[in-house]
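Before any comments, here is the structure.
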Amino acid sequence: MSTLQIVRLMNREDHKVAAAVGRQLPVIARAVDAIVAAIRTGGRLLYVGAGSSGRMAVLDAAECPPTFGTSPEVVEALIAGGRAAVTGAVEGAEDSVANGRGDLLAKKLTRRDVVVGITASGTTPYVLAALQYARKRGATTVAITVNPCTPVARLAKILIATEVGPEILTGSTRLKAGTAQKMVLNMLTTAAMARLGHVYENLMIDVKASNQKVSERIVRILAEASGRNVSASEHALRQANHNMRLALVMLKRGLGAQVARAKLKQARGDLRQTLGE
């Protein structure tokens, strides 16, 4: 094949991924609701994966604190082989049953938590062992795979099986299977955080200012959310000690920082309730 033929083939196959994910939307929504319920009661979302699946999980978990302002402990990812496996292969890591249990044990798993096992093949020993342990502890178990007829299906309370079909490079699950995993993980955390109030309309109201670019974006987000100009938004942010949620209440309700803070506290941080919307 020519280079153009190869990429055209890949593109044709990639078109199948969104459709495969689309067929799983009802169960994805169930998983989101389980995650929301868990976090509201002090539980966590814990991803477990190996290889490319684990790396997808690490990426999604790492993006939650800066995007939604959550604690790093709320969404965590466990990858077979630990930190070294994020950037390179760790020989035999995915085959370790002991580490699958042990890594969750170290996290002091409780029945309030949700454990999401990510395995394209549905047979990864590390993931299966983790889900078995999670079931014993009474945690909610979710599996993301591309094959519903595999051992992982028997361990999951909620099974998300995105049947994307054979890969163009046989067995390389970093392709369609990996793309499907990324799409599902995007949905799990984004929808859950929206339900938990970490977004306002379609805006990242709890985004953290990690650099100059994001700091400038925060001002633009606040201006758009409040309907006020950039100057007023910058002033409110300073008065709110750069708490965008607090600054929005100040701007939309015409309140000072102290009163706005008290009203947010009274509503237990519920932005919509504080704004009367």
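The values are calculated or read from the model by the stated rules, or taken from the named source; none is laboratory data. Since this is a predicted model, take the numbers as computed values, not measurements. When we count neighbours, we look across all protein chains shown, and the Cβ atoms used for this are built from the backbone with ideal geometry, even at glycine.
Given (1) over 19 Å from LYS182 (Cβ atoms); (2) in contact (Cβ under 8 Å) with a residue 24 or more places away in the chain; (3) among the small types (Gly, Ala, Ser), where does SER121 come up short, assuming only one miss? SER121 satisfies every listed condition except (1).
Within the group VAL184, VAL142, which residue is in contact with a helix residue (DSSP H, G or I) (Cβ under 7 Å, 6 or more places away or on another chain), part of a helix (DSSP H, G or I), of a type in the set (Val, Ile, Thr) and closer than 30 Å to GLU13 by Cα?
On the way: VAL142 fails: part of a helix (DSSP H, G or I).
Sole residue among the options that is in contact with a helix residue (DSSP H, G or I) (Cβ under 7 Å, 6 or more places away or on another chain), part of a helix (DSSP H, G or I), of a type in the set (Val, Ile, Thr) and closer than 30 Å to GLU13 by Cα: VAL184.
Please specify each residue of the stretch 85-132 satisfying the condition of being of a type in the set (Ser, Thr, Tyr) and within 22 Å of the chain's Cα centre (by Cα). The answer is THR87, THR110, THR119, SER121, THR124, TYR126.
For every residue, the table says whether it meets (1) in contact with a His (Cβ under 6 Å, 6 or more places away or on another chain); (2) more than 15 Å from MET193 (Cβ to Cβ); (3) among the aromatic types (Phe, Trp, Tyr); (4) part of a helix (DSSP H, G or I).
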| residue | (1), (2), (3), (4) |
| --- | --- |
| ILE6 | no, yes, no, yes |
| GLU13 | no, yes, no, yes |
| ALA18 | no, yes, no, yes |
| LEU46 | no, yes, no, no |
| ALA61 | no, no, no, yes |
| PRO65 | no, no, no, yes |
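Of the numbered criteria (1) among the hydrophobic types (A, V, I, L, M, F, W, C); (2) farther than 25 Å from ASP60 by Cβ; (3) touching a residue at least 40 places away in the same chain (Cβ under 8 Å), the one LEU222 fails is (3). ALA85 meets all of the listed conditions (1) closer than 30 Å to SER210 by Cα; (2) without any contact (Cβ under 8 Å) to a residue 12 or more places away in the chain but one, namely (2). When ARG217, ARG101, ARG112, ARG135 are checked against the criterion of being touching a Gly at 6+ places or on another chain (Cβ under 8 Å) and not in a strand (DSSP E or B), ARG112 stands alone in meeting it.
Table: residues versus (1) among the β-branched types (Val, Ile, Thr); (2) farther than 22 Å from MET183 by Cβ; (3) touching a strand residue (DSSP E or B) at 6+ places or on another chain (Cβ under 7 Å); (4) buried (at least 19 other Cβ atoms within 10 Å of the Cβ).
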{"site": "ARG23", "(1), (2), (3), (4)": "no, no, no, no"}
{"site": "ALA31", "(1), (2), (3), (4)": "no, no, yes, yes"}
{"site": "GLY43", "(1), (2), (3), (4)": "no, yes, yes, yes"}
{"site": "ALA77", "(1), (2), (3), (4)": "no, no, yes, yes"}
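Exactly one residue out of ALA93, ALA77, ALA106 is free of Cβ contacts under 8 Å to residues at least 60 places away in the same chain, farther than 13 Å from TYR126 by Cα, in contact with a helix residue (DSSP H, G or I) (Cβ under 8 Å, 6 or more places away or on another chain) and assigned by TED's automatic domain parsing to the domain that holds THR140, and it is ALA77. Taken over the stretch 225-277, the criterion of being assigned to a helix (DSSP H, G or I) and among the acidic types (Asp, Glu) is satisfied by GLU234 alone. Note on the stretch 229-251: residues that are of a type in the set (D, E, K, R) and surrounded by 19 or more Cβ atoms within 10 Å (Cβ to Cβ) amount to 1. Within the bounds of the stretch 47-54, is there any residue that is among the small types (Gly, Ala, Ser), more than 16 Å from ASN186 (Cα to Cα) and surrounded by fewer than 22 Cβ atoms within 10 Å (Cβ to Cβ)? Looking for residues that are among the small types (Gly, Ala, Ser), more than 16 Å from ASN186 (Cα to Cα) and surrounded by fewer than 22 Cβ atoms within 10 Å (Cβ to Cβ), one finds none in the stretch 47-54, hence no. Say whether the condition of being surrounded by 15 or more Cβ atoms within 10 Å (Cβ to Cβ), polar (S, T, N, Q) and over 18 Å from LYS182 (Cα atoms) is met by at least one residue in the stretch 85-97. So far as the stretch 85-97 goes, yes, one or more of its residues are surrounded by 15 or more Cβ atoms within 10 Å (Cβ to Cβ), polar (S, T, N, Q) and over 18 Å from LYS182 (Cα atoms).
All conditions in (1) in contact with a strand residue (DSSP E or B) (Cβ under 7 Å, 6 or more places away or on another chain); (2) under 30 Å from ASN211 (Cα atoms) hold for ALA38, with the sole exception of (2). When ALA139 is tested against (1) of a type outside the set (Phe, Trp, Tyr); (2) over 23 Å from THR41 (Cβ atoms); (3) in contact with a strand residue (DSSP E or B) (Cβ under 9 Å, 6 or more places away or on another chain), exactly one condition is not met: (2).
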